[in-house]
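Step one of this worksheet: look at the structure below.
Every number here is computed from the coordinates shown, using simple stated rules; none is lab data. The shown structure was predicted, so the numbers you read here are calculated from the model rather than taken from an experiment. So basically every Cβ, Gly included, is an ideal-geometry build from the backbone, and we count neighbours across all protein chains shown.
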Amino acid sequence: MILVNEISKKYVTLREFNNINHSLIMKNLCFIFIAMLFAGSMSAQISYLQYRHVPADQEAKFIERETKHWSKVAQSAIKKGQMKSWSLWRKVGITNNNESTPNYVFVNTFESLEAMDPEKVWSDNMDAIGDVKPEDIETGSFTTTTFDYYIQSEDQVDGDYKYALVNYAKPTDLAAFIQENKTLWKPLHQASVSNVLNGMTYWGMSSVIYPAGNLDRFSVFTVDGFNTLNDALDYLRFTETSDNSPNAAAWNDVLGETKMDELTPNGFERRIIYERVMTISE
């Protein structure tokens, strides 16, 4: 089999043709791989986080209205495929009584950025509250929305959990931080969740889409999940790891390879425990 080279007009042998064909195949595979990476990024789950400050004397009313009435709107949207899940979390403990400091957070999760339409979720499903008047169950007049975030899920180790230890960070290199967590730290957390070491039952990582910038609060966070508050507190407290502990060897391997001291020279900006109040999902 021969082909004519249009430039030199010389014959191309079968072997040369195979080499050319192999090169083209490898380039095509490379392009396909890159396209898959972009496709994976585009299809990553997106969440809208709304942080609220709820005065102590209004918490009971706030929780009742959100869980008894507004959760029905979210449930209707989830059944229609407009949203993946809705959840409400309460911060454990009081770090600041200022109205600018949130003590609750809503997490609204969507299949992808393209599928996200928060306004449509609520406008299309208001009939789910029944005969109740919206003004009789509103929570905006006595709470303060402190800030909100759009985030993208980067990776996770699935599991059930009631308490979420959220580790907020501002790495000097976001891509390197995400990559190291995926390749170095995730296997360690996977082992912890699988073997219920440290009481951990879930791990996840998300990056911030918006707001962004050097002056913002955080650009990424990881979540360590636990079923009891004591497990979360025990995970946080200082303890010396003995050489014969179940996960000592794995921790030592990670500590020998990690570059987190360079990526997060200040460590985590803050570490806050949230308790799950209610979750509705598919």
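Treating r as the C-beta distance of Glu64 and Ala249 and R0 as 41 Å, the FRET efficiency rounds to 0.25.
With q set to 0.10, 0.16, 0.18 Å⁻¹, the log10 of I(q)/I(0) for the range 146-282, from the Debye formula over equal scatterers at the Cα positions, is -0.34, -0.90, -1.15. Computed packing ranks the peptides 120-132, 174-186 as 174-186, 120-132, most packed first, by mean other Cβ atoms within 10 Å. The range 76-107 and the range 206-282 have Cα centres separated by 19 Å. Using the Cβ-Cβ distance between Met126 and Ala56 with R0 set to 25 Å, the FRET efficiency from 1/(1 + (r/R0)^6) comes to roughly 0.25. A dipole drawn for the range 118-186 from +1 and -1 charges on Cβ atoms has a positive end, and of Thr172, Thr145, Tyr161 the residue lying farthest that way is Thr172. Partners of Lys259 within straight-line reach, counting lysines whose Cα lies under 22 Å from its Cα and excluding those fewer than 8 residues away in the same chain: Lys170, Lys182, Lys186.
Relative to the current alpha-carbon distance between Phe147 and Glu240, full extension at 0.36 nm per residue lengthens the span by 29.7 nm. The C-alpha radius of gyration of the range 52-189, expressed as a fraction of 2.2 N^0.38 Å, stands at 1.22.
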